[in-house]
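S.K.: Below are the structure tokens for one structure; questions will follow.
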Amino acid sequence: MSTTAPVKVLLTGFGPFLDVKTNPSWEIARRLPPSVAGLHGESIQLVVPTDPMPAAYHDIKDQVMALIDAHAPNLVVHIGLDVDSPGIFKVERSAQREGYHQFPDIRRKVFTRAENKTAFAKSPVSLSTTLDLDAAEDVWRSGCASITLATNNDSHNCAKKTKRPEKQSVPVQLSDDVGTYVCGFCYYIALLHLQTHTGTRRAVFFHVPPLETDADIAVGVRVTQELVRALVQVM
């Protein structure tokens, strides 16, 4: 990328869903700085909406397209919570067109098969990012090498039965299991809209683990910044 013009990155996070009242994906997004320096001195502008993305299919469909149209980003990073992967930060490769009729969203609605056929009938069954995630993973992991999360592990010392915090390096990895709930729907909409309007699919979905403390959210912010730097590197 040219170092003369800022690289514009659009980042979003989700609001509450299910029993999650405070979603770490939005807590991370809203704490991001307005810009970061790239690995080669690039100026990277981080654009975050004023409000989280509602965990609702129809809102997502409208808002994702509107945000991309309004900001014309060079790169899109949607952040969501993966409740099943404690401690692991994952970037997803692809999203599916169908399956969003199965799980009701926060408004107790689904994206029906009829709606899917009307909206996506001629679209690919699956869409993948056009970014080189394998190359980005190496850069991302290197950038996160010194970042740690505090975890509580049981002590095996019989004389001390309290839980003791230990420092653990942040695990980062690629995945291809974004699912067919609001995360996958959001990702598919972004990939399809970018393909239609830019001819490329420079977007990723970034799954973050449950993060409860301010310190862990701050770690999530750092991991996100390193991911952005890595993705810009492979654009």
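S.K.: Return the pairs, sorted by first residue and then second, in which the second residue is small (Gly, Ala, Ser) and not in a helix (DSSP H, G or I), the first residue lies in region 214-235 and is closer than 18 Å to residue 200 by Cα, the beta carbons are less than 8 Å apart, and the residues are 6+ apart or on different chains.
M.R.: 232/38; 233/38
S.K.: Tell me the residue from 223, 182, 208, 170 that is within 27 Å of residue 17 (Cβ to Cβ), at pLDDT below 95 and open to solvent by less than 80 Å² (accessible area, probe 1.4 Å), please. Break it down stepwise before answering.
M.R.: Working: 223 fails: at pLDDT below 95; 182 fails: at pLDDT below 95; 208 fails: at pLDDT below 95.
Going through 223, 182, 208, 170 in turn, the sole match is 170.
S.K.: For region 4-21: of the residues being of a type outside the set (D, E, K, R) and at pLDDT 95 or above, which is surrounded by the fewest Cβ atoms within 10 Å (Cβ to Cβ)?
M.R.: Once the filter is applied, the top-ranked residue is 15.
Residue by residue, here is whether (1) at pLDDT 95 or above; (2) among the aromatic types (Phe, Trp, Tyr); (3) crowded, with 18+ Cβ neighbours inside 10 Å; (4) not in a loop (DSSP other than H, G, I, E, B) holds:
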position: 33; (1), (2), (3), (4): yes, no, no, no
position: 41; (1), (2), (3), (4): no, no, no, no
position: 45; (1), (2), (3), (4): yes, no, no, yes
position: 51; (1), (2), (3), (4): yes, no, no, no
position: 67; (1), (2), (3), (4): yes, no, yes, yes
position: 76; (1), (2), (3), (4): yes, no, yes, yes
position: 83; (1), (2), (3), (4): no, no, no, no
position: 91; (1), (2), (3), (4): yes, no, yes, yes
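S.K.: Report yes if some residue within region 38-49 is under 17 Å from residue 226 (Cβ atoms), small (Gly, Ala, Ser) and out of contact with any strand residue (DSSP E or B) (no Cβ under 7 Å at 6 or more places or on another chain); otherwise report no.
M.R.: yes
S.K.: Could you figure out which of (1) over 20 Å from residue 198 (Cα atoms); (2) in a helix (DSSP H, G or I); (3) open to solvent by 20 Å² or more (accessible area, probe 1.4 Å) isn't true of residue 29?
M.R.: All conditions pass for residue 29, except number (3).
The values are calculated or read from the model by the stated rules, or taken from the named source; none is laboratory data. Bear in mind that the values here come from a model prediction, so they are computed numbers and not experimental data. Backbone-built Cβ (ideal geometry, glycine too); neighbour counts: all protein chains shown. These area figures cover heavy atoms from the full protein model, side chains too; ligands, DNA and RNA do not enter into them. Shrake-Rupley method; radii C 1.70, N 1.55, O 1.52, S 1.80 Å.
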